[in-house]
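In what follows, a single structure is set out as structure tokens and then discussed.
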Amino acid sequence: MDQIIQAMIMGIAQGLTEFLPISSSGHLLLIPYLFGWTDPFLESLAFSVVLHAGTLLALLIYFRDDWVRLIPAGFATLRDRSFQGNPDRRLAWLLVVSTIPAAVLGFALNDVIEANVRQAGLVAIMLVFGAAILWTADRWGPRTHTIDRLTMRGAFGIGLAQALALIPGVSRSGISISAGLFAGLDREGAARYSFLMATPVILGAVVYEGQKLVRGQVGGAEPLVMLVGVVFSFLAGTFAIAILLRYVRTRSYTIFVVYRLVLAAIVLAVFLTR
């Protein structure tokens, strides 16, 4: 029963923190650390893949109407070799441009970072770093336009920034939203673009890590625990997407900056006393 409850908590944490700009990888590392959990399965590759599958499902369902338009629009651009003034065609290829650097750097550096930078102290430092970037972008970013005016150069920059989220504590959504704000997107547009861009990136991560499971590089599947994790990750992820998009229509990202700083202080205090 303890393992089921822990899986539920981890699923909720993954779903919320994947989309709120407060770092999912950091929370998934910190929660077992702070509570003293020692179950190796909850920190395993198999469980990580399941949790990310839940958030991927949340993205696909929440933005299903967008993807039904964007995927055919992207292929139509290849066929006609022109955007033809169609905003969906242009957005489809903005997302491709953003995904390329994130995918290439993620594939090249993921295993190295996983093996060497998963310490609680580093997570605390990256929480502060991410808070500073988000606060600066929210306060000083131009925030003058919506997604339809994002440039290809801006899209590439957002993709490069997202690669920093490989380091636990940075936050994929946090760094990509910050880059979007610096590129001139308004608060809601930056969040929406971050979520759309996350779909192919998380899909690639799930496929990449999932093939390791299929090839038997890791083991120890716990079907009920995995089911609990994916269900709560999906539910919490759907909630987080809806709440953040609604919240930033009228408010700043300051609350997330404060949360990151408070959490970093707690983690450092625990880390230094252990």
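The values are calculated or read from the model by the stated rules, or taken from the named source; none is laboratory data. Computed from a predicted model, the values in this text were never measured in an experiment. Positions of Cβ are generated from backbone atoms using ideal geometry, with glycine treated the same way; all protein chains shown enter the neighbour counts. With ligands, DNA and RNA removed, areas are computed over all heavy atoms of the protein, side chains included. Shrake-Rupley method; radii C 1.70, N 1.55, O 1.52, S 1.80 Å.
Projecting the Cα atoms of Ile125, Pro32, Thr151 onto the charge dipole of the chain (Cβ charges, centred on the Cα centre) puts Thr151 farthest toward the positive pole.
In this view, the solvent-accessible surface of Asp111, computed with a 1.4 Å probe and all protein chains in place, comes to about 70 Å².
Each label was represented as a point 7 Å from its Cα along the Cα-to-Cβ direction; for Leu60 and Asp2 these points are 3.5 nm apart. Annotation for segment 1-102: trypsin sites (Lys or Arg not before Pro) lying in DSSP loop with at most 15 further Cβ atoms inside 10 Å of their Cβ are Arg81. With an 8 Å cut-off on Cα pairs and a minimum separation of 6 or more residues, tell me the relative contact order of segment 1-139 in percent. Contact order relative to length: 20 percent.
Please sort 164-176, 191-203 by packing, taking for each peptide the average over its residues of neighbouring beta carbons within 10 angstrom, highest first.
So the peptides 164-176, 191-203, ranked by packing, come out 164-176, 191-203.
Derived scalar couplings between HN and Hα for segment 143-159 equal 6, 9, 8, 8, 4, 5, 10, 5, 8, 4, 5, x, 4, 5, x, 5, x Hz in order, rounded to whole Hz, by the Karplus curve 6.51 cos²θ - 1.76 cosθ + 1.60 (θ = phi - 60°), x for Gly and Pro.
Nearest 20 debye, what's the magnitude of the dipole of the chain about its Cα centre given +1 on Lys and Arg Cβ and -1 on Asp and Glu Cβ?
For this selection, approximately 820 debye.
Pairs of Cα atoms nearer than 8 Å and 6+ residues apart set the relative contact order; for the chain it is 37 percent.
Dividing the alpha-carbon radius of gyration of the chain by the rule-of-thumb value 2.2 N^0.38 Å gives 0.99.
Determine the gain in length on full extension of the stretch Ala108-Glu43; use 0.36 nm per residue of separation and subtract their C-alpha separation, reporting nm with one decimal.
21.2 nm
For a paramagnetic label modelled on Val96 (point 7 Å from Cα along Cα→Cβ), amide N atoms under 19 Å away belong, within segment 156-190, to 156-160. What the phi angles of segment 204-210 give under the Karplus curve with 6.51, -1.76 and 1.60, with θ = phi - 60°, is a coupling list of x, 5, 5, 5, 5, 6, x Hz, glycine and proline written as x. The figure for Thr273 is an accessible area of roughly 120 square angstrom, using a 1.4 Å probe on the protein chains alone. Computed over protein heavy atoms with a 1.4 Å probe, the accessible surface of the chain works out to 47 Å² per residue. Dividing the helix sum by the residues of the chain, where each DSSP H run of 4 or more adds -39500 (n - 2.57), gives a mean residue ellipticity at 222 nm of -26500 deg cm²/dmol. Sequence-distant contacts, meaning Cα pairs under 8 Å at least 6 residues apart, place the relative contact order of segment 166-274 at 26 percent. Apply 1/(1 + (r/R0)^6) to the Cβ-Cβ distance of Ala242 and Ala76, taking R0 = 41 Å, and write down the FRET efficiency to the nearest 0.05. For R0 = 41 Å, the calculated efficiency reads 0.85.
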